[in-house]
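Worksheet for the structure shown next.
The values are calculated or read from the model by the stated rules, or taken from the named source; none is laboratory data. Please read all numbers here as calculations on a predicted model, not as lab measurements. Positions of Cβ are backbone-derived with ideal geometry, glycine not excepted, and every protein chain shown enters the neighbour counts.
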Amino acid sequence: MPHIALIRAAVKTLVDHADELTALDQAIGDGDHGLNMKRGALAIQARLPELESKSLNDALKTMGMICISTIGGSSGPVFGTLLVTLARDLPPAPGHADLARALGTGITALTRLGKAEVGQKTLLDVLDPVRRLLEDSGASGEEDLPARVRQCALDAAQATAQMDAIKGRASFLGERALGHVDPGSRSMALIIGAVCDSLRISK
């Protein structure tokens with residue numbers, strides 16, 4: 001499937017869910033996550049014709065730089081670094097094992113960037129379960145893998161509601177952050193879900 005269709009689906013879901021992401025961030029953060037992610041998504045949408053002519057790797061790198069330059073707060077560097085890392089580590093036609101390895105590298109890069117770790121109520125708590133599922137898919141089989149990855153991402157984001165916030169503004173709330181889904185995790189799950197839905201439709 002052409003990568004431009006996956007990009008189009010991912011940015012559209014961020015625009016469509018901007019209000020939801022804002023509400024999540026109003027509960028435990030600055031309240032601007034939805035607006036920031038929408039700004040980045042619209043900036044990418046505006047360059048879809050250019051991205052369509054690029055290779056997957058070049059498109060990921062370009063989107064990473066767009067995120068860094070247009071998305072405010074910590075989300076710009078976080079999502080931008082992830083995309084740039086994937087651009088560097090993925091082969092031109094990646095399989096699930098390649099994706100797992102590249103996500104592992106991305107997790108390492110984000111851990112270094114934000115001094116955060118898995119289990120601390122961040123988008124790492126979505127990326128790591130997805131990475132492990134992709135890594136184990138050779139043993140469990142690839143049947144309906146996009147559906148399983150999608151559900152894994154959504155469930156992992158929801159599970160952040162029961163985690164203590166260690167990083168970011170939410171960490172100042174202590175136990176009051178419990179019961180609230182991490183906005184960055186929800187954004188990551190929405191992106192993964194949109195990509196997986198597009199892959200399933202294309203089959």
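Here are the numbers for this structure:
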read-out: Given (1) at pLDDT 95 or above; (2) within 19 Å of residue 192 (Cα to Cα); (3) among the small types (Gly, Ala, Ser), number of the condition residue 75 does not satisfy; value: (1)
read-out: Segment 82-93, residues that are assigned to a helix (DSSP H, G or I) and either free of Cβ contacts under 8 Å to residues at least 12 places away in the same chain or farther than 22 Å from residue 22 by Cα (or both); value: 83, 84, 85, 86, 87, 88, 89
read-out: Extreme residue, farthest from residue 116 (Cα to Cα), among residues of segment 35-51 that are of a type outside the set (Lys, Arg), surrounded by fewer than 20 Cβ atoms within 10 Å (Cβ to Cβ) and touching a residue at least 12 places away in the same chain (Cβ under 8 Å); value: 50
read-out: Selection from segment 52-72 of residues that are more than 15 Å from residue 93 (Cβ to Cβ) and either in contact (Cβ under 8 Å) with a residue 60 or more places away in the chain or hydroxyl-bearing (Ser, Thr, Tyr) (or both); value: 53, 62, 69, 70
read-out: Which listed residue is touching a Ser or Thr at 6+ places or on another chain (Cβ under 7 Å) and either modelled with pLDDT of 95 or more or surrounded by 20 or more Cβ atoms within 10 Å (Cβ to Cβ) (or both), from 62, 122; value: 122
read-out: Single residue of segment 94-123 satisfying the filter (hydrophobic (A, V, I, L, M, F, W, C) and outside any helix (DSSP H, G or I)) that is farthest from residue 133 (Cα to Cα); value: 116
read-out: Residues of segment 74-111 that turn out to be of a type in the set (S, T, N, Q) and closer than 18 Å to residue 33 by Cα, as a count; value: 3
